[in-house]
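Novice: This is the structure I have questions about; it appears just below.
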Amino acid sequence: MYAENCCGCRICELICAYRHFQQNNAKKAAIRVFQLFPTPASNVPVVCHQCAIPKCAEKCPEQALYKAEDGRILLHVERCTGCRACLDACPFSAIYFHNDITTPIKCDLCDGDPACVKWCPTKALHCTPLSVIGQKRRVKLAYAMGGKP
């Protein structure tokens, strides 16, 4: 994510809600854009980080949240009781609830093709495969240790 590129248009919120609920209701999106002040305001998109060690899944008493083989953190809707333990556990505050929905709303990466990324007019959002992130970390660590990757 390139938060400095975010213009605050919130198209990401609308497209997410439409993709998952067929509704034009940004409050049902798994991504939210927050404005931080002072002037000029900074726009910060907040979305699930698909953590390597997901605190939300660890805290779920029903094991409704789980890590899929591809690294995504997904929800077994039928197991979820709506207790909101995941909401409190997420260090990024990237899990949301809506009054009309009994289960949490969180990013599932649109099955590997995130609509928010495709529709972002300023390219503030991007989706990097976990394998690429791992490679970038290894390269950075190699340089930090004085070596070459």
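Novice: Name the single residue that is modelled with the highest pLDDT among those in segment 64-89 being under 18 Å from Gly112 (Cα atoms) and either exposed (fewer than 12 other Cβ atoms within 10 Å of the Cβ) or aromatic (Phe, Trp, Tyr) (or both).
Specialist: Filtering segment 64-89 for residues that are under 18 Å from Gly112 (Cα atoms) and either exposed (fewer than 12 other Cβ atoms within 10 Å of the Cβ) or aromatic (Phe, Trp, Tyr) (or both), the one modelled with the highest pLDDT comes out as Tyr66.
Novice: If I filter segment 77-92 down to residues being among the small types (Gly, Ala, Ser) and touching a residue at least 24 places away in the same chain (Cβ under 8 Å), which single residue comes out as nearest to Val33 (Cα to Cα)?
Specialist: Taking segment 77-92 as the starting set, the residues that turn out to be among the small types (Gly, Ala, Ser) are 82, 85, 89.
From the residues that got through so far, the ones that are touching a residue at least 24 places away in the same chain (Cβ under 8 Å) too are 85, 89.
Working: Ala85: 23, Ala89: 20 Å.
By that ranking, first place goes to Ala89.
Novice: Shifting gears a bit: Can you find a residue that is among the β-branched types (Val, Ile, Thr) and modelled with pLDDT of 90 or more anywhere in segment 134-146?
Specialist: Within segment 134-146, not a single residue is among the β-branched types (Val, Ile, Thr) and modelled with pLDDT of 90 or more.
Let's see how each residue does on (1) outside the structural domain of Cys6 (by TED's automatic domain parsing); (2) free of Cβ contacts under 8 Å to residues at least 24 places away in the same chain; (3) small (Gly, Ala, Ser):
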{"site": "Asn43", "(1), (2), (3)": "no, no, no"}
{"site": "Lys59", "(1), (2), (3)": "yes, no, no"}
{"site": "Ala68", "(1), (2), (3)": "yes, yes, yes"}
{"site": "Leu75", "(1), (2), (3)": "yes, no, no"}
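Novice: Scan segment 103-126 residue by residue and report those that are out of contact with any helix residue (DSSP H, G or I) (no Cβ under 7 Å at 6 or more places or on another chain), closer than 15 Å to Tyr2 by Cβ and part of a loop (DSSP other than H, G, I, E, B).
Specialist: Pro114, the sole residue that qualifies.
The values are calculated or read from the model by the stated rules, or taken from the named source; none is laboratory data. Source: prediction; values computed, not measured. We place every Cβ from the backbone using ideal geometry, glycine too, and count neighbours over all the protein chains shown.
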